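For reference, the structure discussed in these notes is given below.
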Amino acid sequence: MYVERVLFIVAPPDSGKSTQLRSLFLDRRFGTGGKVPSTSEKRKLSAIYHISNDRQLFLRLTSPHEVGETPRDFHRKIRAKTGAGRWCVAGTLQPRASKGMPDIIETTKLFSHEFKPERTRLLFLSPTRHGETLSDYSDGRDLLADLLAIPRVEVACIDARKREVNGLLIADFFDFT
C-alpha cells in the first residue's frame, strides 16, 4: 500500500466535519452527479472510490475519536479496507484527545509514521457550523505551528457555516490531472 495524499477535516464533535467531507461529492468524479449525499444516504456511501486508473480514495466519515479507537485500531482498519496500489485517504479527526485517541498533533505524527504519505493536509473548521473558531477549541496551543513542524503536513482553515461551499476545494486535493 502506497499512500500519496491524506486529507483530514478537523474540529470538535458535532461541528460539521462529515458534512464538509461529504461535500467533496460536488465533484462529479465521485459518481453522484455532483450532488452531495444526504445524511441518511451517507450510510450507503462506499468506502472506496477510484479517482484515476491507478489511484483509489479511502473515505471514512467517522472520526476514530467518536468510536473509541486507538491509533493502532485506526491504522489497522485503514489497512483492512485498502490493499496494494496507490491510495489517498480522506477522513475526520478531532483536535483533542478522546476515548483512546491522542490529540491532533500526536495523531498526525503517528499516522505519518505509519503510512508515510507524500502529503497530508489538515483542514480545520474555523468557524465551525456553530460559529466556533480555532482559538475556541485549541486550548491555547498553537496547533497550526506544531502541525506545520511535522514533515509533509499542510494546514488550512475553512469556513463551515455553509454546508457545501468547500466541496470542490476539498475534492481538488485529490485531482492529479
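Any read-out appearing in this document is the output of simple, stated calculations on the displayed coordinates, not a laboratory observation. Keep in mind the model is a prediction, meaning the values are calculated, not measured. So basically every Cβ, Gly included, is an ideal-geometry build from the backbone, and we count neighbours across all protein chains shown.
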Worksheet entry | Residue count, segment 75-106 (criterion: touching a Leu at 6+ places or on another chain (Cβ under 9 Å), within 23 Å of Leu45 (Cβ to Cβ) and buried (at least 18 other Cβ atoms within 10 Å of the Cβ)) | 8
Worksheet, complete the sentence: The number of residues in segment 142-164 that are assigned to a loop (DSSP other than H, G, I, E, B) and in contact (Cβ under 8 Å) with a residue 24 or more places away in the chain is 8
Practice prompt. Say whether the condition of being over 17 Å from Ala11 (Cα atoms) and not aliphatic (A, V, I, L, M) is met by at least one residue in segment 136-153.
Written response: yes
Worksheet item: In segment 58-93, which residues are of a type outside the set (Ser, Thr, Tyr), assigned to a loop (DSSP other than H, G, I, E, B), in contact (Cβ under 8 Å) with a residue 60 or more places away in the chain and touching a strand residue (DSSP E or B) at 6+ places or on another chain (Cβ under 7 Å)?
Response: Gly85
Practice prompt. Count, please, the residues in segment 1-57 that happen to be of a type in the set (Gly, Ala, Ser), surrounded by fewer than 17 Cβ atoms within 10 Å (Cβ to Cβ) and not in a strand (DSSP E or B).
Written response: 7
Worksheet item: Which of the residues belonging to segment 94-105 are touching a residue at least 24 places away in the same chain (Cβ under 8 Å) and charged (D, E, K, R)?
Response: Arg96, Lys99
Worksheet item: Of the residues Asp103, Asp27, which single one is under 17 Å from Gly167 (Cα atoms) and of a type in the set (Asp, Glu)?
Response: Asp27
